[in-house]
Structures are given as C-alpha cells and as structure tokens.
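Novice: Pasting in a structure now, in structure tokens, and then I'll have a few things to ask.
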Amino acid sequence: MYRTAFLIATFVVSGVVAPVCSSVTAEDKLKVLIIDGQNNHAAWPKTTAMMKQYLEDSGRFTVDVSRTKFTWKGGKLLEQFGLDDGTEYQDLPQPKSDPDFKPKFSDYDVVLSNFGWKAAPWPEETQAALEEYVSGGGGMVIVHAADNSFGSWDEFNKMIGLGGWDGRNEKSGPYVYLDDSEELVRDTSPGSGGSHGPAHEYQVVVRVPDHPITEDMPRAWMHVKDELYQKLRGPAANMTILATSYADPKYRGTGRHEPIVMTIDYGKGRIYHTPMGHDDKTMECVGFITMLLRGTEWAATGEVTLKEIPDDFPKAFESSKRSFEAK
C-alpha cells in the first residue's frame, strides 16, 4: 500500500492549474457559505458545524450556513449543534425539492457544499445562479458526499471534475486513476461511477508539492479511518490531481491510485474537491483540517496564507486527530 509514498509526480487532466491569521481584520476575512440540508450521511449537521468552526477558528474566514427547509436525516442534530436558526425545517424520510432554496452566492468568496447522494434537485434558477457565480470567479469546495449529488446536472459535473453514484456511468465521463506504473488513465469503458470498501486508515500521497494547497506539506501522510472513494467518473476537464490514495484490494479496493484531492478550473472560478470526510470522526483528522483550510482559501483567492504545518500533522505511517468540541 505504501510503496509509492515518496515518489512524487504531477498529473494534470486537460489543463494546467495555475498559521492562524491573527492580523486579518474583520473586513479582510473571507466569506464562506456552507450549503446543506439533504445528505445520505446522517452526520451532516455535525460535519457542517465542525467545518464552520474549523474555518472560523483559523481567523481567516467568517461562515454562514444556508440549508433547504426540507432536511433529510439528522434533524435532531441541528438543535444540538446550534444549527437551527428558527426556520421551520421539516425533516422528511425522503429528500424533497425546496422551491425556496435560493442562496445569494454572490455575497460570498467561496461556497462549500455539504450535500450528498439523493439530494433533491435545486430550482433551475438556483442551478443557474451557482453556474454563473463559479464561472464568474467564485470559489467552491466539494467535500466527500457532495460529489455524489446531482448526477444529471451537466454543469455541476464539470465543476466537480469527478463524481460517483446518482446514475453516473461511462456517459458521465471517464474513470480517472493512476495505474501501477503511476501513469494517468482515463478509462472510458462501460461501468458505474463510485464505490468504496470498508472504512480504514490510508495514506495520502502528494503528487503536486509546489501547489499553494500542498506547499511544504509532507509528501505522504496517514489519514484516519475513512471511506476511500474509487471509480469516480466525470468530465475531468481542467482538473489537477494534487494527491492520491492507494485503494488496497484487501479493503475491496481497485489496486489503483485514486484521486483524493483535486482542483478544477471552471471559467474564472476555482474548485477544491476532496472525497475525504465521511463523518465527524474522519473530520477530526489533522490532515483533513489542514487541507480544508488551505483548499478553501485557495478556492476563494487563488492563494494560500495559511501555510503553517501544525506540529501534530500526521506522519507517513501514523495518523493524527483532534477530538472536536463544539463551542
């Protein structure tokens, strides 16, 4: 599994990508909008709270949350984690489209999606607004199950580069991975998009060490027990694979190096995409937290000032986590 831990290369698909901020004033902080409400992962209310707190604690961001009024799975956690803003949320057994879900994306520097598989389609007006926002230069962050959403939305698939489930197959685009010789493969053969074996610890191998998100980061580090997405498919245009993880066959893996951190250019916009982050325990990983902060800042600005690698960052063969305590 670890045989390529320190062999680093750059892989670009159809295009080239271009510490606590105590000195940042309130006016200079980047504005983040987390969107959520419908996710097949029941922990979504807590993971939204965690990402919000991580971002705000960095001193670099302010964070708002916008969610559908028809929520799915986890309604009790909304109140527990202070995410119930008084809206009359309806926690339904199945996702339902919310005609009033119309966040004002243009008010923010970056939008972070914590939606998931089977999320109901957005109003066409909202879809068009996100497309215009990102293509016009807005940033977007896609975490784990957010790449399971909206399989039939063509422009969304272009924005995220690769995705899984929700009807994705060879018609959605190639299956992109690195083979045993670490060559980039775009597999167009028939097959469904998205699968994973049982959760386990796995190593993240940085492939582009000079990108602002990965600069000065250890070339290989262990992620905590998490799902390792594989066989993701999509347009994969203007996409750079910053890091991969080996899907070990002993965990029902493909035996290939699967994309685990990606950036995508969509018009003038930037997208940071990671399939890591299945639930609250996985988001306690120090590597995940560090990448989230850097990836969100890069998506918003194209630069990273959060350069400090924390002392408790994971080692090549040793994971590291911080127990989350809601404030």
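Novice: Give me the residue from the stretch 171-182 that is surrounded by fewer than 22 Cβ atoms within 10 Å (Cβ to Cβ) and part of a loop (DSSP other than H, G, I, E, B) and, out of that set, modelled with the highest pLDDT.
Specialist: If we take residues in the stretch 171-182 being surrounded by fewer than 22 Cβ atoms within 10 Å (Cβ to Cβ) and part of a loop (DSSP other than H, G, I, E, B), then Pro174 is modelled with the highest pLDDT.
Novice: Let me ask another. Restricting attention to the stretch 299-308, does a residue exist that is surrounded by fewer than 22 Cβ atoms within 10 Å (Cβ to Cβ), part of a loop (DSSP other than H, G, I, E, B) and among the small types (Gly, Ala, Ser)?
Specialist: Yes, because at least one residue in the stretch 299-308 is surrounded by fewer than 22 Cβ atoms within 10 Å (Cβ to Cβ), part of a loop (DSSP other than H, G, I, E, B) and among the small types (Gly, Ala, Ser).
Novice: Would you check if there is a residue in the stretch 314-323 being in contact with a helix residue (DSSP H, G or I) (Cβ under 8 Å, 6 or more places away or on another chain), surrounded by fewer than 23 Cβ atoms within 10 Å (Cβ to Cβ) and basic (Lys, Arg)?
Specialist: Yes, the stretch 314-323 contains at least one residue that is in contact with a helix residue (DSSP H, G or I) (Cβ under 8 Å, 6 or more places away or on another chain), surrounded by fewer than 23 Cβ atoms within 10 Å (Cβ to Cβ) and basic (Lys, Arg).
Novice: Could you tell me which of the residues Phe105, Phe70 is closer than 19 Å to Ala146 by Cα and at pLDDT 95 or above? Break it down into steps so the answer makes sense when it comes.
Specialist: Working: Phe70 fails: at pLDDT 95 or above.
Among Phe105, Phe70, only Phe105 is closer than 19 Å to Ala146 by Cα and at pLDDT 95 or above.
Novice: Please find, among Val134, Val185, the residue that is at pLDDT 95 or above, assigned to a strand (DSSP E or B) and either out of contact with any Ser or Thr (no Cβ under 9 Å at 6 or more places or on another chain) or closer than 28 Å to Thr282 by Cα (or both).
Specialist: Values: Val134 fails: assigned to a strand (DSSP E or B).
Among Val134, Val185, only Val185 is at pLDDT 95 or above, assigned to a strand (DSSP E or B) and either out of contact with any Ser or Thr (no Cβ under 9 Å at 6 or more places or on another chain) or closer than 28 Å to Thr282 by Cα (or both).
Novice: Residue under question is Ile213, and the condition is that it be surrounded by 24 or more Cβ atoms within 10 Å (Cβ to Cβ) and either modelled with pLDDT under 95 or touching a helix residue (DSSP H, G or I) at 6+ places or on another chain (Cβ under 9 Å) (or both); does it hold?
Specialist: Values: surrounded by 24 or more Cβ atoms within 10 Å (Cβ to Cβ): yes; either modelled with pLDDT under 95 or touching a helix residue (DSSP H, G or I) at 6+ places or on another chain (Cβ under 9 Å) (or both): yes.
Yes, satisfied.
Novice: Being surrounded by fewer than 20 Cβ atoms within 10 Å (Cβ to Cβ) and over 16 Å from Val143 (Cα atoms) is true for just one of Lys281, Lys268. Which residue is that?
Specialist: The conditions single out Lys268.
Novice: Condition first: within 13 Å of the chain's Cα centre (by Cα), closer than 24 Å to Ile160 by Cα and modelled with pLDDT of 95 or more. Can you find one or more residues in the stretch 305-315 that meet it?
Specialist: Looking through the stretch 305-315, none of the residues is within 13 Å of the chain's Cα centre (by Cα), closer than 24 Å to Ile160 by Cα and modelled with pLDDT of 95 or more.
Novice: Among the residues of the stretch 30-86, count how many are part of a helix (DSSP H, G or I) and more than 22 Å from Glu325 (Cβ to Cβ). It would help to see each step written out before you state the result.
Specialist: Taking the stretch 30-86 as the starting set, the residues that turn out to be part of a helix (DSSP H, G or I) are 44-57, 75-80.
Now narrow it down to the ones that are more than 22 Å from Glu325 (Cβ to Cβ): 75.
Qualifying residue count for the region: 1.
Novice: In addition: Between residues in the stretch 120-142 that are within 12 Å of Trp153 (Cα to Cα) and residues that are basic (Lys, Arg) and modelled with pLDDT under 95, which pairs lie under 7 Å by C-beta distance while being six or more apart or on different chains?
Specialist: Ala120/Lys96
The values are calculated or read from the model by the stated rules, or taken from the named source; none is laboratory data. Note that the structure is a prediction, hence the values are computed from the model and not measured. Backbone-built Cβ (ideal geometry, glycine too); neighbour counts: all protein chains shown.
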